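Chemist: Sharing a structure, written as structure tokens. Questions coming.
The values are calculated or read from the model by the stated rules, or taken from the named source; none is laboratory data. The shown structure was predicted, so the numbers you read here are calculated from the model rather than taken from an experiment. Using ideal geometry, Cβ is built from the backbone for each residue, glycine included, and neighbour counts are taken over all protein chains shown.
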């Protein structure tokens, strides 16, 4: 079961690198915001899988909950600012 | 590895499949609004399936209830942030893509 | 008073979320011994909930909930709690922030008095961090110019 979690974590990390392409080369700033939100969602699952590999789940659950909260608040803040300033 | 832990493997594999589909959509779709569809819907379902799979692996304990709380929060928060981004694009005048 | 650019979906979802975010922040402060967390981390999450309210509901409604005066009073009282516990230990005849002497007042063994002393200090830190984060965001968003109530009524005619 440990090997399965390890391969899953590495596969998700490869998907994060693929999303980073859209974050660097997206035409305009809104594409980059969408890519960062997607990277944050994948990071949440990678953190929980790392908790299972190290067998200290109760520590990593608190960290991933905080990361989900801050990802949500950050995306709403940036999109509100971009709506006011009129830049795509 | 007993039967309850073996039950979590289909959930995790389904979640990985939807993550893969959402990322391929984010890279290959032609317009901003279509890419937002891919990442907004695909990522939400993938996270829900993965978190349910991980909580089933844990069994009946306090940690599994906390993981279900994270899943409920993601179910409410991810579509809201997608809506906020698309509203910002609409207000700034980004036109949808038309197939010629 | 809602602005033209506020969206009803984001306002409704933020209204549901904010009490639970604050409850989670209090949990993070209180559980600093056994899990990752403590005073500063819980204070940041508590401040982030107020910033979410400020973004989605506008400046005027956020000023009704937490004005500049209240933010200043909160930030000062957090430091008061911190140094008050330290001075209490000094008065009882030991060093500054030596929580073991609190067992004279609380009537518990010194090891438990140390644990309770650290918890009190973390609560003070959390309150101060929350007030300062909200105050910094408020000052940046208004640019330092705050209209009093009479000037707003004059402008509106």
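Chemist: Looking only at residues that are in a helix (DSSP H, G or I) and surrounded by fewer than 16 Cβ atoms within 10 Å (Cβ to Cβ) in the range B:22-32, which one is nearest to the other protein chains (Cβ to nearest Cβ)? Step through it out loud before you land on a result.
Modeler: Residues of the range B:22-32 that are in a helix (DSSP H, G or I), as a first pass: B:22-28, B:32.
Narrowing the set further to residues that are surrounded by fewer than 16 Cβ atoms within 10 Å (Cβ to Cβ) leaves B:24, B:27-28.
On the way: B:24: 8, B:27: 6, B:28: 10 Å.
For the range B:22-32, the residue satisfying everything is B:27.
Chemist: Is it fair to say residue B:65 is more than 8 Å from every other protein chain (Cβ to nearest Cβ) and part of a helix (DSSP H, G or I)?
Modeler: yes
Chemist: The conditions are (1) more than 7 Å from chain B (Cβ to nearest Cβ); (2) surrounded by fewer than 17 Cβ atoms within 10 Å (Cβ to Cβ); (3) under 23 Å from residue B:96 (Cβ atoms), and residue A:88 fails exactly one of them. Which is it?
Modeler: (1)
Chemist: Related question: Given the conditions (1) closer than 30 Å to residue B:86 by Cα; (2) exposed (fewer than 13 other Cβ atoms within 10 Å of the Cβ); (3) more than 14 Å from chain B (Cβ to nearest Cβ), which single one is not true for residue C:69?
Modeler: Result: residue C:69 passes all but (1).
Chemist: So which residues in the range B:39-62 are more than 7 Å from every other protein chain (Cβ to nearest Cβ), within 18 Å of residue B:75 (Cβ to Cβ) and touching a helix residue (DSSP H, G or I) at 6+ places or on another chain (Cβ under 6 Å)?
Modeler: Residues satisfying the conditions are B:40, B:42, B:44, B:45, B:46, B:48, B:49, B:51, B:52, B:53, B:55, B:56.
Chemist: Please give the number of the condition residue B:14 fails out of (1) surrounded by fewer than 20 Cβ atoms within 10 Å (Cβ to Cβ); (2) within 29 Å of residue C:7 (Cβ to Cβ).
Modeler: Failed condition: (2).
Chemist: In addition: What number of residues within the range A:47-58 satisfy the criterion of being touching a helix residue (DSSP H, G or I) at 6+ places or on another chain (Cβ under 7 Å) and more than 10 Å from chain B (Cβ to nearest Cβ)? First the steps, then the outcome.
Modeler: Of all residues in the range A:47-58, those touching a helix residue (DSSP H, G or I) at 6+ places or on another chain (Cβ under 7 Å) come to A:47-53, A:57-58.
Cutting the leftovers down to more than 10 Å from chain B (Cβ to nearest Cβ) gives us A:47, A:50, A:53.
Matching residues across the range A:47-58 total 3.
Chemist: Right, here's the next one. Can you find even one residue in the range C:37-58 that is surrounded by fewer than 16 Cβ atoms within 10 Å (Cβ to Cβ), in contact (Cβ under 8 Å) with a residue 12 or more places away in the chain and over 14 Å from the mean Cα position of the chain (by Cα)?
Modeler: No, there is no match, as no residue in the range C:37-58 is surrounded by fewer than 16 Cβ atoms within 10 Å (Cβ to Cβ), in contact (Cβ under 8 Å) with a residue 12 or more places away in the chain and over 14 Å from the mean Cα position of the chain (by Cα).
Chemist: Now, a different point. How many of the residues in the range C:26-44 are under 11 Å from residue C:134 (Cα atoms) and within 11 Å of another protein chain (Cβ to nearest Cβ)?
Modeler: The number of residues fulfilling the criteria is 1.
Chemist: Is there a residue in the range B:77-94 that is buried (at least 17 other Cβ atoms within 10 Å of the Cβ), within 7 Å of chain A (Cβ to nearest Cβ), in contact (Cβ under 8 Å) with a residue 12 or more places away in the chain and over 25 Å from residue A:66 (Cβ atoms)?
Modeler: Yes - at least one qualifying residue is present in the range B:77-94.
Chemist: Is it the case that residue B:98 is part of a helix (DSSP H, G or I) and more than 10 Å from chain A (Cβ to nearest Cβ)?
Modeler: On the way: part of a helix (DSSP H, G or I): no; more than 10 Å from chain A (Cβ to nearest Cβ): yes.
It is false that residue B:98 is part of a helix (DSSP H, G or I) and more than 10 Å from chain A (Cβ to nearest Cβ).
Chemist: May I pose another question? Which of the residues belonging to the range A:1-34 are in a helix (DSSP H, G or I), within 30 Å of residue B:5 (Cβ to Cβ) and more than 16 Å from the chain's Cα centre (by Cα)?
Modeler: A:2, A:3, A:4, A:5, A:6, A:7
Chemist: State whether one or more residues within the range C:76-91 are part of a loop (DSSP other than H, G, I, E, B), over 30 Å from residue B:82 (Cβ atoms), modelled with pLDDT under 95 and more than 14 Å from chain B (Cβ to nearest Cβ). Spell out how you get there, then give the answer.
Modeler: Residues of the range C:76-91 part of a loop (DSSP other than H, G, I, E, B): none.
No: the range C:76-91 contains no residue that is part of a loop (DSSP other than H, G, I, E, B), over 30 Å from residue B:82 (Cβ atoms), modelled with pLDDT under 95 and more than 14 Å from chain B (Cβ to nearest Cβ).
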